[in-house]
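Where a number appears in this text, it was derived from the coordinates with a stated rule and is not lab data. The structure displayed is predicted, hence computed values, not measured ones. We place every Cβ from the backbone using ideal geometry, glycine too, and count neighbours over all the protein chains shown.
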Ligand code: KG4
C-alpha cells in the first residue's frame, strides 16, 4: 500500500512543506524570508516570527498542490533539529497539532539526514536513486561532513569540521568583501569571471577526514587587510579574482578529504548535499573526479540543495517504514550530529 507523508521544514529561514507518495514528489512549497537581507545574516527572532506567519499558508498550499485531502496523509514528518530553537519550535508545534488533529503518527527528522537522503526524492517513478552503501559529502551553512550511508536510517560520520562549515567560509569571506548575504551564491557567480590562480590562501593540515575552514577565513581576511592598506579600492578592483581563488581553495579542501574517504573505503557510489552543493565549482569537481574513475555520482537538483521539506518528507518516509515514531512531548533540539 502507498504511503503519503507530509514533510515540514522550519530549521532556519525557509518555511517549507512538501507531500511525497512513496517518495514521489507531489508538492514542495518553500517560502523564503527576505527580511534578513538587510542584516547580513539570519536574525533568529525575525525568523521564528516569519515562520509563524508562513506555516499555515505553506502547508495548505502543499496539500492543495499535491491534489490530496489531508485525511489521506499517513504521517507527518518534521525537522526536529539541528537549527534555530525558535524556528524549530514553530514547525515542531505545528506538526504536533496537525498530527493530533488527524490522529496520525508523527515522525521526527534530523535535518542533516534530510540533506543526505535528498537523492531519494523522486520526480517520477523512474528517478534513479543511490545504492547502499554510499558516501555523502554534506556541505551546508552549518555543517561539513563526510557521511557513510549504510541504509536510510543507518549513517556514520567519517569526518566533520572542527570549526567553521564550508558555507560559513563562503558567507563570512563574502561579508568582509561587502557582498550581500548569503555570500555563497554571489561568490559562485563572481568566480565564473575570475582567475582562480591569482591569490593563494591557507589550507588546513588536519589528520583523518576532518575539515577546518577557520584558518582559510583568517588568511583571506589578512590578505584583504594588507592589500587595502596599499590600495583602498583593492576589493572592488579584484573581486572576481578574489572570489575565484577563494572558491577554488574551498573546493580543494573539500575534495582532498572526500576523495581520501572514497579511496580508503572503496565505495563506488557517492553523493553531495546541502546548500554548498549548489556551487558550480563543487559540482564540476565532483563530476570530473567521478567520471574518470567510474564512480557513480549523485548531484542534487539545485532546488533540493538548500533547505526544503521534500527531503524531510523522504527521510520521514524511511523512518515511518521502520516505525521510528516520535513522542508528542518530544522537544526540538538545536544541536545534533548525524
Ligand atoms: O543547506 P543550507 O540551505 O542551510 C543549512 O542547513 O545550513 O545551506 C546554506 C549555505 C549558505 O552558507 C550559502 O551561502 C550556501 O549554502 N550556498 C552556496 C551556494 N548556494 C548556497 N555556497 C556556494 N555556492 C553556491 N552556489
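Report the far tail of the P(r) of the stretch 134-300, meaning the percent of Cα-Cα pairs longer than 28 Å. Working shown, then result.
Numbers: 2927 of 13861 pairs.
The answer is 21 percent, as a whole percent.
Just to be sure I understand the curve: with the Debye formula and one point per C-alpha of the stretch 103-147, what is log10 I(q)/I(0) at q = 0.21, 0.23, 0.28 Å⁻¹?
-0.85, -0.93, -1.07
Rank these for me by crowding, 12, 23, going from fewest to most other beta carbons within 10 Å. If you can, show how the numbers build up before the last one.
Details: 12 25, 23 19.
Exposure proxy ranking, most exposed first: 23, 12.
What is the gain in length, in nm to one decimal, between residue 64 and residue 252 on full extension, counting 0.36 nm per residue of separation less the C-alpha to C-alpha distance?
Working: separation 188, 0.36 × 188 = 67.68 nm, distance 4.40 nm.
Extra length available between residue 64 and residue 252 comes to 63.3 nm.
How far apart, in nanometres, would the label points at residue 24 and residue 71 be if each is projected 7 angstrom from Cα along the Cα-to-Cβ direction?
2.3
Could you work out the relative contact order of the stretch 113-185, using alpha carbon pairs under 8 angstrom and six or more residues apart, expressed as a whole percent? Could you put the intermediate results ahead of the total?
Details: 98 pairs, mean separation 14.8, N = 73.
With pairs under 8 Å counted, the relative contact order is 20 percent.
Once the piece of chain linking residue 295 and residue 176 is laid out straight, how much longer is it, given 0.36 nm per residue of separation minus the C-alpha distance between them? All intermediate terms of the calculation are to be shown ahead of the outcome.
Details: separation 119, 0.36 × 119 = 42.84 nm, distance 3.77 nm.
Gain in length upon complete extension: 39.1 nm.
Would you work out the relative contact order for the stretch 134-300, in percent, from Cα pairs under 8 angstrom that are 6 or more residues apart? Working shown, then result.
Working: 305 pairs, mean separation 46.4, N = 167.
Worked out over the stretch 134-300, it gives 28 percent.
How much FRET efficiency would the formula 1/(1 + (r/R0)^6) give for residue 268 and residue 124, where r is the Cβ-Cβ distance and R0 is 30 Å, rounded to 0.05?
Efficiency, rounded to the nearest 0.05: 0.75.
Roughly how many nanometres apart are two label points built 7 Å out from the Cα toward the Cβ at residue 151 and residue 280?
4.2
In whole angstrom, and with the biggest value first, how far do the Cα coordinates of the stretch 234-338 range along each principal axis?
The Cα atoms of the stretch 234-338 stretch 55, 38, 23 Å along their principal axes.
If only Cα atoms are counted, what is the Rg of the stretch 110-215, and what is its Dmax, in Å?
Final numbers for Rg and Dmax: 16.4, 47 Å.
Before anything else, pin down the relative contact order of the chain: Cα pairs under 8 Å, at least 6 apart, normalised by residue count, whole percent. Could the numbers behind the result be given before it?
Details: 739 pairs, mean separation 85.0, N = 338.
Relative contact order for the chain comes out at 25 percent.
Quote the FRET efficiency, to the nearest 0.05, computed for residue 287 versus residue 321 with a Förster distance R0 of 30 Å and r equal to the Cβ-Cβ distance.
On the way: r = 31 Å, r/R0 = 1.05.
Once rounded, the FRET efficiency stands at 0.45.
Which of 105, 57, 300 moves the most in a Gaussian network model of the chain with Cα springs under 10 Å?
Of the options given, 57 has the highest mean-square fluctuation.
Which whole number in µm²/s is D for the chain by Stokes-Einstein, with the Kirkwood Rh taken over Cα pairs at 25 °C and 0.890 mPa s? If you can, show how the numbers build up before the last one.
Numbers: Rh = 20.5 Å.
For the chosen part, D equals 120 µm²/s.
Determine the shape class of the stretch 1-141: with a ≥ b ≥ c the square roots of the Cα gyration tensor eigenvalues, call it rounded for a/c under 1.5, and otherwise prolate if a/b is greater than b/c, oblate otherwise.
On the way: a/c = 1.78, a/b = 1.21, b/c = 1.48.
Because a/c hits 1.5 or more and a/b fails to exceed b/c, the stretch 1-141 counts as oblate.
Given the C-alpha centroids of the stretch 190-222 and the stretch 139-158, what is the distance between them in whole angstrom?
Using only Cα atoms, the two centres lie 23 Å from each other.
Measure off 7 Å from each Cα along the Cα-to-Cβ vector at residue 34 and residue 328, then give the distance between these two points in nanometres to one decimal.
With each label point 7 Å from Cα toward Cβ, the separation is 4.0 nm.
Can you give the FRET efficiency for residue 195 and residue 163, using 1/(1 + (r/R0)^6), R0 = 22 Å, r = Cβ-Cβ distance, to the nearest 0.05? Could the numbers behind the result be given before it?
Details: r = 28 Å, r/R0 = 1.28.
The value I calculate is 0.20.
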